[in-house]
Amino acid sequence: MTRNTHLKSRFPSLSLLFLAIVLIGSGFFWHTDHQQRLLNQIDNQLLSTAQNVSFFFNNIPTDSSAKKYLCKRLTDFSAMSTVSLSLSIYSAQGELLCLTEEVASNQRMSLDKKINPPKSMTLKTVITPQGELRSLIYPISKQDTPALSLVINHNLAELKNQSHLSALILLLIGLSIFTVFTVLQQRVKKANLAVIKRLALQMGRADEEDHPASFVVPTSVEPEIQELASSYNHMMTRREDILRRAHQFTADVTHELRTPLTILRGETELALRNGRDPKRLRQVLESNLEEISRMSYLIEDLLLLSKGDLGEIPLKKEPLLLNELIIELHHQAQLLATAKNIKVELHCPKELAFLRADSLRLRQVFLNLLTNAIKYTPDDGDVSITLSFDEQYAVITITDTGIGIGSEHLETIFDRFYRVNKTKNRNDGGSGLGLAIVKWIVEAHHGSVKVSSSLGQGSSFTVTLPRLSDSETLVTVDQ
C-alpha cells in the first residue's frame, strides 16, 4: 500500500471506526438504561398492587373460614384490578392457601407449594419453564405480627418483546446514521481531494506566465485545506511582489548605470575627436571622474544593502552615549547649513541615554537624514534635532521646514531606488538608496524609523532605538 493510499483512506477509516464505536456504545447504554427503567416501572407496579392487596385484607378472620375468606377476597380483587398479574397467598407457616385463576390455569406448575415466609419485602427475577417472571413476596402483618405472605408475579415476556423491539429500532437508526455519515464523508473526501489536486496542478504551473495569481476554494471544504490555499495565495502574492521588486530593481540599476556610462562614452568619443585641445580634454576627464565616483558610490550602497540582507555585515555594537553623538552631529549639521543660512536647533535633555549600537552606522543614519533635511529646506529655513526617551526607548526626531512629501509617497519612501521626484534627477534626488540604508541600519539595531510630512510644510523623521537598562547603564558608567 502506497503512502498516497494511506492519505486517502487511513483517516476516514479511523473516523468511521470511531463513529461505529460511539454508536454501539451509546446504543448499548441506552438499551440497558431503557430496560432498567421498564423493570423499575414493573417493580413499582408490583409494590403498588401489594400495598392495595394488603389494605384490601384489613380484616382477616382467625377461625376455619379464614382460607375461604382470603380466596374470595383475592378473587374479588383480581376481578377489580386492571392490571394482569398473578397473585397467590401463603400462610404464616409458608403454605399455599389460594391463588388467582390465571396462576391456576397457566402457571401452577411454576409455583412453590411452600415458601419460607420473609421478614421483609423481597423482589427477584424467577426463571420458569413458562419464561422469566418478576416476583414480589410481600409480608402482610396483623397487629405487628406476620399473618400472610402475598406473592405477585409479572410475566417479563412483554418487557423482553419491548426490549427486542427497541434494540431493533436502535440498530436500524445506527445503521442509517452510519450509512449517511459514510456517504457524506466520501463526498467530502472527494471534494477535498479534488481541491488538493487542482491546487497541486496550479502549483506545478506556477512558473507559467498565464497561471492564475490566486487559488479560490469553496467554503465547504475542510478548514485545513482553506488554510493551505490561503498560505499558497499569500506565498504567490509575496512571490509576485518579489518579482515586481526584482524587475523594478533591475530597471533602476540599469537606469542608474546606463546614464553615467552614456555620459562617459559620449564625452570620451568627443575627446577623441577633439584631442588636441588640452582644456577640453581636462573638462572631459573631470566629468568622467565625477561619473565614475557616482557609480562607485552607487555600487557601494548596493553592496551594503545586499550584504545586509544576507546578514554578512557584522555590527560592532558597543555602549554608546547617544547625547554625545547627537551633539556632535548638530555641529556638523550647522556647518552643512551655513551655505543656505539654515538654522539648526538642538533639543537635548541633560539626562544621559546609553545605547548598545554601532556608532559608525548610527552616524551614517543621522547624517543621511540631516543632509536630506538641509538639501530640501529652502534658504533661511529651520531644521531641528530633538532627543527624548523613556525607560525603554530613545527617540530622535529630525524636523525641517522644507518642501515636504506628498502622502502618496510616505509608504514607499524607504524602498530602494524610490524617489519622490519622478524625473530622477541625480543632482537633486541622489541614487534613491539613502533612506533604504537608513531603514536597514535602524532595524538591525531593533529600532524603527517613521516619517510624517505635508507638502509645503516640511517633514519629520523619527528614529526609535532601544535603550540600555538602568543596571546596564550603571555598569557602562563605572567602566
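Brief remarks follow.
- Single residue of 373, 337, 353 found to be touching a strand residue (DSSP E or B) at 6+ places or on another chain (Cβ under 7 Å), small (Gly, Ala, Ser) and more than 24 Å from residue 443 (Cβ to Cβ): 337
- Residue match in segment 167-188 (condition: within 57 Å of the chain's Cα centre (by Cα), surrounded by 14 or more Cβ atoms within 10 Å (Cβ to Cβ) and polar (S, T, N, Q)): yes
- Filter result for residue 303 (under 46 Å from the mean Cα position of the chain (by Cα) and farther than 30 Å from residue 460 by Cβ): yes
- Restricting segment 369-398 to residues that are polar (S, T, N, Q) and under 13 Å from residue 330 (Cα atoms), the residue that is surrounded by the fewest Cβ atoms within 10 Å (Cβ to Cβ) is 371.
- Any hit, segment 351-364, residues being among the hydrophobic types (A, V, I, L, M, F, W, C), outside the structural domain of residue 447 (by TED's automatic domain parsing), closer than 28 Å to residue 419 by Cβ and touching a residue at least 60 places away in the same chain (Cβ under 8 Å): no
- Only listed residue being more than 30 Å from residue 251 (Cα to Cα), at pLDDT below 90 and crowded, with 18+ Cβ neighbours inside 10 Å, chosen from 353, 357: 353
- The set of residues from segment 293-324 being assigned to a helix (DSSP H, G or I), among the aliphatic types (A, V, I, L, M) and either at pLDDT below 75 or loosely packed, with under 13 Cβ neighbours inside 10 Å (or both) comprises 298, 302, 303, 304, 305, 310.
- Any chance residue 345 is assigned by TED's automatic domain parsing to the domain that holds residue 459 and either acidic (Asp, Glu) or touching a helix residue (DSSP H, G or I) at 6+ places or on another chain (Cβ under 8 Å) (or both): yes
- Residue 79 being small (Gly, Ala, Ser), buried (at least 17 other Cβ atoms within 10 Å of the Cβ), part of a helix (DSSP H, G or I) and modelled with pLDDT of 65 or more: no
- Taking every residue in segment 403-414 that is assigned to a helix (DSSP H, G or I) and pairing it with any residue that is modelled with pLDDT under 85, at least 6 positions away or on another chain, the pairs with Cβ-Cβ distances below 8 Å are 409/418; 409/420.
- Residue in segment 374-397 that is at pLDDT below 90 and of a type in the set (Ser, Thr, Tyr) present: no
- Among the residues of segment 358-374, not a single one is small (Gly, Ala, Ser) and out of contact with any Asp or Glu (no Cβ under 8 Å at 6 or more places or on another chain).
The values are calculated or read from the model by the stated rules, or taken from the named source; none is laboratory data. Please read all numbers here as calculations on a predicted model, not as lab measurements. Every residue, glycine among them, receives a Cβ derived from its backbone with ideal geometry; neighbour counts consider all protein chains shown.
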